[in-house]
């Protein structure tokens with residue numbers, strides 16, 4: 001673990017009463033599938049953008065562009081989903097004492113236009129254990 005607070009990635013989490021496989025398949029190689037299937041009685045898909053994430057804002061914008069380009073049947077699946085979350089992962093570290101991860105207004109508007117939400121997920125610093133001697 002790095003002692004500095006970092007942005008690892010944004011996950012797109014989708015929950016629906018409808019099978020999300022057609023939507024996932026349509027995204028193809030532009031998105032990495034972490035999981036797609038049944039979860040707690042609903043369908044879910046958890047995705048990452050296939051290209052390297054520079055920052056949270058550009059990653060969310062890349063996802064928005066993918067969703068905006070979906071054909072009508074897959075866009076209908078997106079619109080029918082109960083939850084559409086862009087989950088920004090932050091790995092906490094001991095320094096700096098604070099760090100900003102900005103999301104630009106145009107990105108917030110794009111997320112809103114897609115009927116999605118932005119979620120912040122903060123992962124606790126990992127404990128480093130002294131190696132046994």
**Message:** Using only Cα atoms and rounding to the nearest 10 degrees, what angle (0 to 90) does helix 56-68 make with the longest principal axis of the chain?
**Reply:** 10 degrees
**Request:** Please tell me the relative contact order of segment 6-123 in percent, rounded to the nearest whole number, where contacts are Cα pairs under 8 Å and at least six residues apart.
**Result:** 34 percent
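A short reminder: the numbers here are calculations on the coordinates, not readings from a lab. This structure is a prediction, so every number in the text was calculated from the model and none was measured.
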